Amino acid sequence: MPATLPTRLCAHGVEIDQSPEKFGFLHESSVTDDMAGMHRRMEEDGYVYMRDFWPREEVQAVRDSLTDQLRRLNFLRPGTDPDEARAIPGREVGRAMGNPLDQKDARLRELVFGPKLLGFFEKFLGGPVRHFDFIWFRTKGPGLGSPIHCDLVYMGRGTHNLYTAWVPLGDVSLELGGLMVLEGSHRQAEQLKAYLARDVDAYCTNQDDAAEYASGRKWWDGTLSKNAVAIQQSLGGRWLTSPEFRLGDLMIFNMTLVHGSLDNQTDRIRLSTDTRYQLAVEPVDERWVGEKPPGHAAAMRRGRVC
Ligand SMILES: O=C(O)CCC(=O)C(=O)O
Ligand SMILES: [Fe+2]
């Protein structure tokens, strides 16, 4: 744990209240075969955070591959060590959709789709599993973190018995800005009912702007709130993060856990990926599978009378 917390921590420009009843650290679980224990944690917390799930060197090799790509694509400050991932001011790598990093990177795929993680999910879910083919790259330079949301609104067209794996591809300090989750929010289904029933690629055919939504000129981005303090006031719970996410850590969470990320107060790029896992026999959200997953493409828009 850091000896002192940074004076200010912000999420989307809003300062987090760091008093002990509003802010704290994630529960850390050890990597075990005790699946009953893991299920209890998932039920109670909506997440399981495991330190040292992979050997550090294995994840470092993935980081090397991605920082090398960033260097070749001219996203790193010339003359600096690529491992430090120093950003060029004003030059953003891009969001998860359309991110220039390679979806087919062999080392990364071995990490997030390889036998170790799939084997874990097989035990955790109790049967053969599949993963979404799409990899969400987070390459967050200085500035705002990810807006607060639940994953369900982006990927809820198949089974909801679906889990996200958030994998830090580098040590992530509080200043660099990692994942943060709202304690107990996965149990707020009643309060979040209207939000959780939505789908970012669905629109109302009986509204004036239906054609703009159908074509993709307009799009709801799935944000639950841009104000971490206000949503905390309405849902309760502390904002939780890690004092330092480290190479080798694995964080898994469910579809209804409210989360976002801290703003990046450094001059470096925070690298992580998130990927998804489910039982193979259950229905899958077609937007995220296949050789070239369509994602939020216009063909995936669904209109209905509201
Ligand atoms: O890493 C981030 O900034 C956001 C991650 C996220 O939303 C997710 O893993 O589902
Ligand atoms: Fe998310």
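The values are calculated or read from the model by the stated rules, or taken from the named source; none is laboratory data. What you are looking at is a predicted structure, and each value in this text was computed from that prediction instead of being measured. Because the Cβ atoms are built from the backbone with ideal geometry, glycine has one as well, and the counts that use them run over all protein chains shown.
Give the residue that is surrounded by the fewest Cβ atoms within 10 Å (Cβ to Cβ), with candidates limited to residues of segment 42-74 that are in contact with a His (Cβ under 7 Å, 6 or more places away or on another chain) and of a type outside the set (F, W, Y). Once the filter is applied, the top-ranked residue is D45. Look at segment 138-167: where a residue is within 15 Å of D201 (Cβ to Cβ) and a partner is within 11 Å of ligand 2 (Cβ to nearest atom) and small (G, A, S), sitting 6+ places away or on another chain with Cβ atoms under 9 Å, you get H149/G222; H149/G260; D151/G222; V153/G222; Y154/G222. Any residue at all in segment 292-305 that's in contact with a helix residue (DSSP H, G or I) (Cβ under 6 Å, 6 or more places away or on another chain), farther than 30 Å from D208 by Cα and either away from ligand 1 (no atom under 15 Å from the Cβ) or not hydroxyl-bearing (S, T, Y) (or both)? So far as segment 292-305 goes, no, none of its residues is in contact with a helix residue (DSSP H, G or I) (Cβ under 6 Å, 6 or more places away or on another chain), farther than 30 Å from D208 by Cα and either away from ligand 1 (no atom under 15 Å from the Cβ) or not hydroxyl-bearing (S, T, Y) (or both). Checked against (1) under 18 Å from W166 (Cα atoms); (2) within 16 Å of ligand 2 (Cβ to nearest atom), H296 passes all but a single condition, namely (1). Considering each residue of segment 146-155 in turn, none proves to be closer than 21 Å to V289 by Cβ, surrounded by fewer than 18 Cβ atoms within 10 Å (Cβ to Cβ) and in contact with an Asp or Glu (Cβ under 7 Å, 6 or more places away or on another chain). Residues in segment 188-217 that are among the charged types (D, E, K, R) and farther than 13 Å from R302 by Cα were compared, and the one that is modelled with the lowest pLDDT is R217.
Using the structure shown, decide if A106 is within 26 Å of F121 (Cα to Cα) and surrounded by 11 or more Cβ atoms within 10 Å (Cβ to Cβ). Lay out the reasoning, then the answer.
Values: within 26 Å of F121 (Cα to Cα): yes; surrounded by 11 or more Cβ atoms within 10 Å (Cβ to Cβ): no.
When the stated conditions are applied, A106 does not pass them.
Total residues in segment 136-181 satisfying the condition of being more than 11 Å from ligand 1 (Cβ to nearest atom), closer than 14 Å to T273 by Cα and not small (G, A, S): the figure is 1. Tally up the residues in segment 96-135 that are within 15 Å of ligand 1 (Cβ to nearest atom) and among the β-branched types (V, I, T), please. So the count comes out to 2. From the list L5, L101, the lone residue that is in contact (Cβ under 8 Å) with a residue 60 or more places away in the chain and hydrophobic (A, V, I, L, M, F, W, C) is L5.
Is it the case that G127 is out of contact with any Pro (no Cβ under 9 Å at 6 or more places or on another chain) and without any contact (Cβ under 8 Å) to a residue 40 or more places away in the chain? No; evaluated as a whole, the condition is false for this residue. A single member of M38, M42 is touching a residue at least 60 places away in the same chain (Cβ under 8 Å), in contact with a Lys or Arg (Cβ under 9 Å, 6 or more places away or on another chain) and in a helix (DSSP H, G or I), and it is M38.
When segment 230-254 is filtered for residues that are in a helix (DSSP H, G or I) and either surrounded by 15 or more Cβ atoms within 10 Å (Cβ to Cβ) or among the charged types (D, E, K, R) (or both), the ones remaining, listed by number, are I231, Q232, L235.
I'd like the full set of residues that are under 30 Å from Q60 (Cβ atoms), more than 10 Å from ligand 1 (Cβ to nearest atom) and not in a loop (DSSP other than H, G, I, E, B), limited to segment 255-290. Of everything in segment 255-290, those that are under 30 Å from Q60 (Cβ atoms), more than 10 Å from ligand 1 (Cβ to nearest atom) and not in a loop (DSSP other than H, G, I, E, B) turn out to be R268, Y277, Q278, W288.
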